[in-house]
Structures are given as C-alpha cells and as structure tokens.
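Undergrad: Dropping a structure here in structure tokens format, bear with me for questions.
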Amino acid sequence: MAEKPAMVIGIDDSEHSTYALEWTLDRFFAPLAPNYPFKLFVVHAKPSATSAVGLAGPGTADVLPFVEADLKKIAARVLEKAKEICCSKLVNDVVLEVGEGDARNVLCEAVEKHHASILVVGNHGYGAIKRAVLGSVSDYCAHHAHCTVMIVKKPKIKH
C-alpha cells in the first residue's frame with residue numbers, strides 16, 4: 001500500500017493555533033478514524049533566545065540561559081497541549097516536533113522534510129500595520145511552502 005500523504009500543522013501558544021488544530025482534526029481525522037487520510041506532523045517553532053531577547057549589550061549573555069529555559073518550557077507546554085487535543089479526538093498517530101527559529105522558516109522546512117502535501121496554519125488576525133511589521137506567518141507560508149497551504153481562521157464572535 002502506498003504511503004499516506006503528510007500533513008504538517010503549525011502550532012504556537014495562541015488560541016488561533018489551538019482552533020486550527022481542533023478544526024483540522026474534527027474534519028480530516030476524527031470522522032475517518034482509524035483510517036486517517038494523512039500522516040500527521042504537528043510542528044512548533046521555538047524562537048532562539050537571542051531573537052526573543054532582541055537586544056545586545058552588557059548583561060545580555062547573563063539573561064540568555066533564562067530566556068532559553070523559558071522558551072523550552074513554552075515549547076513543551078505547546079506540544080503537551082497539542083498532544084492532549086489529539087488524544088481527546090482519538091488521534092494518537094501523530095508526530096510532535098519542535099524546530100528552532102522563525103516560524104516561517106521552520107514550517108517551510110518541515111514541509112520539505114516530510115514531503116508534506118498540505119500545511120495547516122492558524123491566522124492571528126492581526127491588523128495591517130502589525131502584519132506589516134511582524135510579517136504574517138500564514139502569508140509567508142502561502143507564498144513559499146512547496147505544498148497546498150490551508151489557513152484556518154477562527155470565526156469572529158458577533159455581538
């Protein structure tokens with residue numbers, strides 16, 4: 001039997017990312033258990049301590065080990081939450097990974113590494129100015145990932 005196509009889901013510690021994971025599992029995995037159409041890779045990008053601190057100067061080197069420890073804790077928490085969500089939907093055949101660096105590059109590299117057919121990312125819904133300054137991970141991936149990119153938007157709550 002041919003190997004299943006790979007799906008990479010990019011996650012971070014945002015509710016948008018959690019929503020994208022749950023939405024995807026509910027539509028592509030849970031209803032088809034145990035015959036999932038994709039091999040699932042859940043990938044979190046951990047920034048480097050130097051990029052997270054974003055400054056250099058006296059004392060920076062003293063701070064970096066603490067920042068690195070915090071980033072590792074956050075990454076572990078993000079993956080643990082993702083694993084819990086997958087398990088709650090009876091999706092146990094999942095590979096959880098942490099890549100170090102900018103999320104845009106980490107996700108595009110994961111697509112290449114796993115020969116993914118599809119990349120799923122959430123959308124933070126930043127305004128135009130914040131998106132221009134930070135750069136949108138979903139925009140970048142849509143243009144640079146060598147596969148189909150699905151951007152899952154969390155519905156806005158209507159009052």
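Undergrad: Only one of these is within 16 Å of the chain's Cα centre (by Cα) and more than 22 Å from His115 (Cβ to Cβ): Val98, Val78, Val8. Name it.
TA: Answer to the selection: Val78.
Undergrad: Do we have Ser51 as open to solvent by 60 Å² or more (accessible area, probe 1.4 Å) and touching a residue at least 24 places away in the same chain (Cβ under 8 Å) here?
TA: It is true that Ser51 is open to solvent by 60 Å² or more (accessible area, probe 1.4 Å) and touching a residue at least 24 places away in the same chain (Cβ under 8 Å).
Undergrad: While we're looking at this one, here's another question. Taking the conditions exactly as written (of a type in the set (Lys, Arg), open to solvent by 70 Å² or more (accessible area, probe 1.4 Å) and touching a residue at least 40 places away in the same chain (Cβ under 8 Å)), does Lys46 satisfy them or not? Spell out how you get there, then give the answer.
TA: On the way: of a type in the set (Lys, Arg): yes; open to solvent by 70 Å² or more (accessible area, probe 1.4 Å): no; touching a residue at least 40 places away in the same chain (Cβ under 8 Å): yes.
It is false that Lys46 is of a type in the set (Lys, Arg), open to solvent by 70 Å² or more (accessible area, probe 1.4 Å) and touching a residue at least 40 places away in the same chain (Cβ under 8 Å).
Undergrad: Please enumerate the residues belonging to region 1-33 that are of a type outside the set (A, V, I, L, M), surrounded by fewer than 16 Cβ atoms within 10 Å (Cβ to Cβ) and touching a residue at least 40 places away in the same chain (Cβ under 8 Å).
TA: Pro5, Asp13, Ser14, Glu15, Asp26
Undergrad: Taking Ser88 as meeting all but one of (1) at pLDDT below 95; (2) within 17 Å of Phe29 (Cα to Cα); (3) among the hydroxyl-bearing types (Ser, Thr, Tyr), write down the number of the exception.
TA: The number of the failed condition is (1).
Undergrad: Just to be sure before I move on: is Val67 without any contact (Cβ under 8 Å) to a residue 40 or more places away in the chain, under 22 Å from Val137 (Cα atoms), open to solvent by less than 80 Å² (accessible area, probe 1.4 Å) and more than 16 Å from the chain's Cα centre (by Cα) in the structure I sent?
TA: Here the answer is no, as Val67 does not meet what is asked.
Undergrad: In region 116-159, which residues are in contact with an Asp or Glu (Cβ under 9 Å, 6 or more places away or on another chain), open to solvent by 70 Å² or more (accessible area, probe 1.4 Å) and at pLDDT 95 or above?
TA: Matches in region 116-159: His146 only.
The values are calculated or read from the model by the stated rules, or taken from the named source; none is laboratory data. Not measured: the values here are computed from a predicted model. Here Cβ is always computed from backbone atoms with ideal geometry, including for glycine, and neighbour counts include all displayed protein chains. These accessible areas exclude ligands, DNA and RNA; they are computed on the full protein's heavy atoms, side chains included. Shrake-Rupley method; radii C 1.70, N 1.55, O 1.52, S 1.80 Å.
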